[in-house]
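A short write-up of the structure that comes next.
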Amino acid sequence: METDFPFYLAELLTSRLCHDLITPIGAINTGLELFQETSLDQLAESDEILNLVLNSAQTASARVSFYRVAFGSGGGKTFLNTAKELIDKYFARSKLQVQWQTTIPQDLALDRWGRILLNSVLWMSECAPRGGILHIAVPSEDRPVLSLRLKADSIILHQGTLEALEGKALPQDITPRTVPCYLIHCIVKAGNGKLTTSKTSSPSEFTLEVTMNNL
């Protein structure tokens, strides 16, 4: 498994990407089929179908752009304004509200922070399936810490996610759901960083903080 692990990891990332794209792409295909079957005199139905196609296309585009940086080699250096745009578009139709707590210039280069940030937001959004508020504070020279604090009525830590995040999961136990957490672990480890988590039940909050010593 050790020698095959990079290939296995690529398979997991591909599975995750395809899983999250199949719904909007399927909706586009369905919408186009319905549009083809709709007569010209059914304008109301046509508008609804076109809106379905447009919204699904925007969702698919947002997810592809997000994953290109979060999972791809192009994510080595990410600017804060780019990361914010990717996150805001990805969650535009989500129940999750993202609040940025930073006065740092928008053209700040995040380097490795960019991929950690995107994968962390992706994972933490899944911890609150009913929606919630995610507060994000990006690192600065005075405080080199990336902090994400999730507040929600119900926070669920799915099986294997914390183990993958902390590097305690066996390679064969990593799944498409937990692979973003494992990717966070790998990037933090490569930067000689430190990762901490905390959870409270009343109120229901979950916090992830990452300190990086070597960017």
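The values are calculated or read from the model by the stated rules, or taken from the named source; none is laboratory data. These numbers were taken from a predicted model, which means no experiment stands behind them. Ligands, DNA and RNA are stripped out before the accessible areas are found, and what is left, the full protein with its side chains, is counted by its heavy atoms. Shrake-Rupley method; radii C 1.70, N 1.55, O 1.52, S 1.80 Å.
Please give the solvent-accessible surface of LEU96 in Å², to the nearest 10, using a probe radius of 1.4 Å with every protein chain present.
Surface open to solvent at LEU96 totals about 10 Å².
With a probe of 1.4 Å, find how much accessible area the chain has per residue, and write the answer as a whole number in Å².
On the way: 11780 Å² over 215 residues.
Counting only protein heavy atoms, the per-residue value for the chain is 55 Å².
Over the Cα atoms of the chain, Rg to Rh with Kirkwood Rh, two decimal places? Don't skip to the end; give the middle numbers.
Working: Rg = 19.0 Å, Rh = 18.6 Å.
Here the Rg-to-Rh quotient is 1.02.
Between helix 43-71 and the chain, what is the angle of the helix's C-alpha long axis to the longest principal axis, kept within 0 to 90° and rounded to the nearest 10?
The angle comes out near 20 degrees.
Determine the share of the chain's accessible area contributed by carbon and sulfur atoms, expressed in whole percent, with a 1.4 angstrom probe.
Details: 6140 of 11780 Å².
About 52 percent, which is the carbon plus sulfur part of the accessible surface.
Treating the angle as unsigned and between 0 and 90°, give the value, to the nearest 10°, between the Cα long axis of helix 5-37 and the longest Cα principal axis of the chain.
In the chain, helix 5-37 runs at an angle near 20 degrees to the longest axis.
Ordering TRP123, TRP100 by how much accessible area each has at a 1.4 Å probe, largest first, what is the list?
Numbers: TRP123 5, TRP100 50 Å².
Of TRP123, TRP100, the descending order of accessible area is TRP100, TRP123.
Quick check: the angle from helix 179-190's long axis to the longest principal axis of the chain, C-alpha only, nearest 10 degrees?
That helix lies at roughly 40 degrees to the long axis.
Can you pull the accessible area of CYS186 for me, 1.4 Å probe, Å² to the nearest 10?
Result for CYS186: roughly 50 Å² accessible.
Restricting to lysines 8 or more places apart or on different chains, can you count the pairs in the chain with Cα atoms under 19 Å from each other?
Working: LYS77/LYS189; LYS84/LYS95; LYS95/LYS151; LYS151/LYS199; LYS168/LYS189; LYS168/LYS194; LYS168/LYS199.
Total qualifying Lys-Lys pairs in the chain comes to 7.
If ligands, DNA and RNA are left out, what is the accessible area of TYR90 with a 1.4 Å probe, given in Å² to the nearest 10?
Roughly 40 Å² of TYR90 is accessible to a 1.4 Å probe.
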